[in-house]
Amino acid sequence: MERKYHISKHCRIDHHGVLYNGRPLSAEISTEFSIFSKAFYYSLGTTYPKFFKMDNLSKLAWLGAELLLKEELSKNIAIVLSNRSSSYDTDLKHIHTISNTEQYYPSPAIFVYTLPNVCIGEIAIRHHLQTENIFFVSEQFDSQLTVNYCNYLLNSNRAEKVLCGWVEYLEENYKLVLYLVEKTGNLAHDLNVVRQLML
Amino acid sequence: MEELKSELKAKIIEALNLEEIAVEDIENDAPLFGDGLGLDSIDALELTVLLDKDYGIKVTDPKVGKTIFQSIDTLAHYISENRTK
Amino acid sequence: MRKVYIGPYNCISPLGHRLEDTWNAVVEGKSGIALQEPIGEIPNTYAAIIATDELDSYFTAQLQDIKLSAPFSFTKLEKLMISALLPIVRNLDITTETELIISTTKGNIAQCDGKDKDGAAASLPALAQRIADLFGFKRSPIVISNACVSGLQAISTAKRLIQIDYCKDAVIVAADLVSEFVLSGFRSFQALSDGICRPYDEDRKGLNLGEAAAALYISNQPIPGQKQQFYVAGEASINDANHISGPSRTGEGLKCSIERALAEAATLPEAVDFICAHGTATVYNDEMEAIALHRTKLADKPINSLKGYFGHTLGTAGLIETIVSLESLRNNILLPSLGYQKQGTSLPLAVITEKIHKPLSRCLKTASGFAGTNTAILFEKEIL
């Protein structure tokens, strides 16, 4: 049966700062992601030492998910994320470790992040989400695909809620937009709303 | 030996991104894995790379890794006896 | 929910350029894994690699067959994808309701030396668009990059999108290469075996990487003129939420994936004829699978891993292993799990050790990978 769903929470992180449900959060704005991400992590008040071991893509995804899921009680939340550059930011770091034959030390801690969906794994571990998950890669956010795929997960009772969005990081250029879809919420879960959030 | 131990602690903190841990926080005989510093299997592999890169020691047998990565004491002892650089 | 049928499929592997060559080699028990010349700084490694010169001549011959509007310059990965696709797409009526789904973990990363900061050469969307344009697909391609389950999840995604009328049919293509990029990474993980891999065996010492491409057509209609039809009876992809690289000690994600796939198919474990599992031959992956299969009451079902034939082909693994398993169903042949001799998991599995002819209807295919991903699909054969 087709049901109507809503967007209960959404957030955005980019060079202009952090928006939670459209309202700016006071976070330390810095042009450097390493400085911004650390300051923002501490502002969230969650103790999670593994954060500092993550690559930039996972840090970005983790911070966005923390905003939306920190207070969530449900563990039945599926994850559907996408981006443009896959894990290329970290791929470059791995390539760097194998480009000099005299200093040839590939790092397992870097290599493990050369898959874009590892950021989904990090969110799933943090919030104990043993749920459906998938990572798509596309030039622009595919609203049509994500909205339909999300509705399928909810309609088929594969999840109670779905965390959807875009998490892109390449060479200090970053943009995250995440939104949580469920039965109730202030925004309708439809193509127009999702496209607006992504603008 | 004490110098090697504090050098090791600093290197481990940097290599494993132990952001909130200082050299003084790591006891020489405290376990590195499990309850100790909370290190995991990727950290163990990363320590293997560190031994190779900085001390010229190749550890390919995970069982050997398990015994030498027990604590700073065991690690420093193994390095001082096997280092090639 | 409507039935989603699997149409023609094809693959290219070190065992052959066409499906029938690969299938015949597998039935003869041949492995595509061999000791390789040094690859960059990686010495003497066992891997399953497609010879470039043979691929080039096969590819050139194939190209003469079709009219291409795009430039004739392709990477090895693209040649593999196109070779796998050609027999599938040649006679296909690609409409505005035909989706192209691409599964890969690393795409063209082998083309990158680290100097290309914008990632143009490695771009997965650009790769997907080139393939889509070449064959005249009318919709934007979908790229799935969800670690080692990508190939299998591409099938379940297509099935879902067809069921909700997002599209009527889809062409799936998967490819990944053995490059210094992945070899150096898996070696740093101490995951590479120093011989041909031995899934589930007592003496298993890790995996071999492999390269291959596979393509499969999937549709809301049975394939015309085929007496035997295959369809996706049930599927699920559940994360372990345990560790980003280490397999779960409880097999929870795989267990849940299998349970939900069987539930959707309204099938009991007893009705499964065989399992084609992930079986990378690393100590922890195979152990995790054994636990999950015991927890789902499938431990006594004949099981193989096809990694001994192809190596671990990453984003292709789930798709090429599905294709070979569908051929098993079609030909009623259980394939042995190459490299297995003696129980190597703490709980026993019914690992297939010799080729067996027997009527087969249902295959459970599973895959698991980095980031805690798992996918399970139950495929069923239907005689019309």
Practice task
Looking only at the range C:223-234, decide whether some residue is surrounded by fewer than 24 Cβ atoms within 10 Å (Cβ to Cβ), within 14 Å of chain A (Cβ to nearest Cβ) and more than 23 Å from residue A:95 (Cα to Cα).
Solution key: yes
Exercise for the section: For residue A:91, work out the one condition from (1) charged (D, E, K, R); (2) open to solvent by 10 Å² or more (accessible area, probe 1.4 Å); (3) without any contact (Cβ under 8 Å) to a residue 24 or more places away in the chain it doesn't fulfil. Expected result: (2)
Practice task
Considering every residue within the range B:74-81, establish whether at least one is assigned to a loop (DSSP other than H, G, I, E, B) and aromatic (Phe, Trp, Tyr).
Solution key: no
Completion exercise
The number of residues in the range C:154-185 that are at the interface with chain A (Cβ under 8 Å from one of its Cβ atoms) and either hydroxyl-bearing (Ser, Thr, Tyr) or farther than 21 Å from residue A:139 by Cβ (or both) is 9
Exercise for the section: Report, ordered by the first and then the second residue, all pairs with beta carbons closer than 9 Å, sequence separation of six or more or different chains, a first member in the range C:84-108 that is without any contact (Cβ under 8 Å) to a residue 12 or more places away in the chain, and a second member that is open to solvent by 10 Å² or more (accessible area, probe 1.4 Å). Expected result: C:91/C:8
Completion exercise
Taking the range C:321-338 and keeping residues open to solvent by 10 Å² or more (accessible area, probe 1.4 Å) and either assigned to a loop (DSSP other than H, G, I, E, B) or under 23 Å from residue C:185 (Cα atoms) (or both) leaves C:332, C:336, C:338
Completion exercise
Reported set for the range A:140-158 where residues are assigned to a helix (DSSP H, G or I), touching a residue at least 12 places away in the same chain (Cβ under 8 Å), facing another protein chain (nearest Cβ under 9 Å) and over 28 Å from residue C:122 (Cα atoms) is A:151, A:153, A:155
Exercise for the section: May I ask you to say which residue of A:187, A:170, A:191, A:197 is surrounded by fewer than 24 Cβ atoms within 10 Å (Cβ to Cβ), more than 19 Å from the chain's Cα centre (by Cα) and under 23 Å from residue A:63 (Cα atoms)? Expected result: A:187
Exercise for the section: Considering each residue of the range C:106-117, count those that are touching a Gly at 6+ places or on another chain (Cβ under 9 Å) and either closer than 17 Å to residue C:50 by Cβ or part of a strand (DSSP E or B) (or both), and give that number. Expected result: 2
Problem - Residues of the range C:272-290 classified as without any contact (Cβ under 8 Å) to a residue 60 or more places away in the chain and aromatic (Phe, Trp, Tyr), total - result: 1
Handout entry: From the options B:22, B:30, residue that is within 13 Å of the chain's Cα centre (by Cα) and either more than 9 Å from chain A (Cβ to nearest Cβ) or small (Gly, Ala, Ser) (or both)
Key = B:30
Handout entry: Hits in the range A:72-84 - residues which are open to solvent by 20 Å² or more (accessible area, probe 1.4 Å) and within 28 Å of residue A:173 (Cβ to Cβ)
Key = A:84
Practice task
Could you list, in sequence order, all residues of the range C:126-141 that are part of a loop (DSSP other than H, G, I, E, B) and more than 10 Å from chain A (Cβ to nearest Cβ)?
Solution key: C:136, C:137, C:138
Practice task
For residue B:61, indicate whether it is of a type in the set (Asp, Glu), more than 14 Å from chain A (Cβ to nearest Cβ) and in contact with a helix residue (DSSP H, G or I) (Cβ under 7 Å, 6 or more places away or on another chain).
Solution key: no
Problem - Boolean, residue C:6 is at pLDDT 95 or above and open to solvent by 10 Å² or more (accessible area, probe 1.4 Å) - result: no
Problem - Cross-chain or 6+ apart pairs with Cβ under 6 Å, the range C:242-262 first and more than 9 Å from chain A (Cβ to nearest Cβ), then in a helix (DSSP H, G or I) and buried (at least 24 other Cβ atoms within 10 Å of the Cβ) - result: C:247/C:285; C:247/C:288; C:248/C:288; C:251/C:288; C:251/C:292; C:254/C:292; C:255/C:292
Completion exercise
If we take the range C:251-320, then helices (runs of 4 or more DSSP H) inside it with 3 or more residues that are open to solvent by 10 Å² or more (accessible area, probe 1.4 Å) and within 27 Å of residue C:105 (Cα to Cα) are C:252-264, C:283-295
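The values are calculated or read from the model by the stated rules, or taken from the named source; none is laboratory data. Treat the numbers as computed from the prediction; the structure is a model and nothing was measured. Quick reminder, even Gly has a Cβ in these numbers, built from the backbone with ideal geometry, and neighbours come from all protein chains shown. All accessible areas refer to the heavy atoms of the entire protein, side chains included, with ligands and DNA or RNA removed. Shrake-Rupley method; radii C 1.70, N 1.55, O 1.52, S 1.80 Å.
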